[in-house]
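Worksheet for the structure shown next.
The values are calculated or read from the model by the stated rules, or taken from the named source; none is laboratory data. Values in this document were obtained by computation on a predicted structure and should not be read as measured data. Cβ coordinates were reconstructed from backbone atoms using ideal geometry, including for glycine residues, and neighbour counts include every protein chain displayed.
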Amino acid sequence: MNGPDKKSLYPNPNIKTVCYISNLPTRKNVQIGEYTYYSDNKKSPENFYDNIEHHYEFLGDKLVIGRFCAIAEGVKFIMNGANHIMDGITTYPFNIFASGWEKVTPEINQLPFKGDTVIGNDVWIGENVTIMPGVKVGDGAIIAANSTVTKNIEPYTINGGNPAKLIKNRFDDGMIEKLLKLQWWNWDEKKIFENLELLTSKEGLEKLI
């Protein structure tokens, strides 16, 4: 036995507030890596997709989340469908209310588009974090609770605030470079199991790197 079943929705059957969201029914334009979990103590974590807002298939933007991420309750991913045209006098979306106002319906290429939202591997996202469209979060990053992320986040950094800003690096530049090459999240289950103590202790920084 080398750990929980990565194909199980609830890896620990005694804890129904945490689920592996890669095992939820698939949704178009959403990709989630194995072992990434969502925790929700207020409602079922199976409602994770409710936290992806303004995500419309016709826009084509993707939400990509890596492996072994820890996502706390209340996290919101705001996608490109939330954006309004800002070139005119007003940003009011007349067209969506029809009744003649649809004459100013914009073409897709006129809409602000920030691209895909990409969360790396081994990312910890605290409670009630909001991630705006097109943001890229690097591997090993930590985002403090109640933050609003408007810009890209570098790997192995701790960020927080509204808007989220760099608080500090988790390790020095040399160690970060080595960790990014290590990519432990791509190891097989047996290797991860055999190295659990090193992966979760300071000692591992010396012995695995």
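For the stretch 114-122, the condition holds for at least one residue, the condition being that it is in the same structural domain as A145 (by TED's automatic domain parsing) and within 21 Å of I15 (Cβ to Cβ).
Select from the stretch 150-177 the residues that are more than 30 Å from N83 (Cβ to Cβ) and surrounded by fewer than 13 Cβ atoms within 10 Å (Cβ to Cβ) and write down the one among them that is nearest to the chain's Cα centre (by Cα). The residue in question is K168. Scan the stretch 93-120 for residues that are under 30 Å from Y37 (Cβ atoms) and either of a type in the set (G, A, S) or in contact with a Lys or Arg (Cβ under 9 Å, 6 or more places away or on another chain) (or both) and the total you get is 6. I'd like to verify a number: residues in the stretch 107-149 that are touching a Ser or Thr at 6+ places or on another chain (Cβ under 8 Å), under 17 Å from A70 (Cβ atoms), among the β-branched types (V, I, T) and assigned to a loop (DSSP other than H, G, I, E, B), how many? Residues flagged as touching a Ser or Thr at 6+ places or on another chain (Cβ under 8 Å), under 17 Å from A70 (Cβ atoms), among the β-branched types (V, I, T) and assigned to a loop (DSSP other than H, G, I, E, B) within the stretch 107-149 amount to 1. For D116, the criteria (1) surrounded by fewer than 16 Cβ atoms within 10 Å (Cβ to Cβ); (2) at pLDDT 95 or above hold in every case but one, which is (1). If we scan the stretch 68-84, do we find a residue that is more than 28 Å from C19 (Cβ to Cβ) and out of contact with any helix residue (DSSP H, G or I) (no Cβ under 7 Å at 6 or more places or on another chain)? Yes, that holds for at least one residue. Among the residues making up the stretch 38-69, a single one is within 17 Å of V118 (Cβ to Cβ), within 14 Å of the chain's Cα centre (by Cα) and of a type in the set (G, A, S): G66. Is it true that G126 is closer than 23 Å to Y37 by Cα and of a type outside the set (V, I, T)? Yes; evaluated as a whole, the condition is true for this residue.
In the stretch 120-136, how many are acidic (D, E) and touching a helix residue (DSSP H, G or I) at 6+ places or on another chain (Cβ under 6 Å)?
So the first thing to find is which residues in the stretch 120-136 are acidic (D, E), and the list is 122, 127.
Still in the list and also touching a helix residue (DSSP H, G or I) at 6+ places or on another chain (Cβ under 6 Å): 122.
Selection size over the stretch 120-136: 1.
Within the stretch 161-181, restricting attention to residues that are outside any helix (DSSP H, G or I) and in contact with a Gly (Cβ under 8 Å, 6 or more places away or on another chain), the residue that is nearest to E203 (Cα to Cα) is R170.
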